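Beneath this line is the structure, given in structure tokens, with notes to follow.
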Ligand SMILES: [Zn+2]
Ligand SMILES: [Zn+2]
């Protein structure tokens, strides 16, 4: 699989990740890494895990979520 964002720029780079939102292949340059807080509803009190989970999105989805 090739990076989708690179292909739109007439470039070809191997994808090293996949956007969790749209499923587009992403090279390292185009992958946006953001921590995702994992919520859990079990019991009372502490409700988040640590460390945060990792979440990868493409440039388009990253912008759309801001
Ligand atoms: Zn790329
Ligand atoms: Zn995306």
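Computed values, structure above
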quantity: Protection proxy ranking, peptides 24-30, 59-65, average beta carbon neighbours within 10 Å, highest first; calculated: 24-30, 59-65
quantity: Gained length - residue 36 relative to residue 52, 0.36 nm times residue gap less alpha-carbon distance; calculated: 5.2 nm
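Bear in mind that the values in this text are calculations on the coordinates, not laboratory data. Not measured: the values here are computed from a predicted model. Neighbour counts are summed over all protein chains in view; Cβ atoms, including those assigned to glycine, are modelled from backbone coordinates with ideal geometry.
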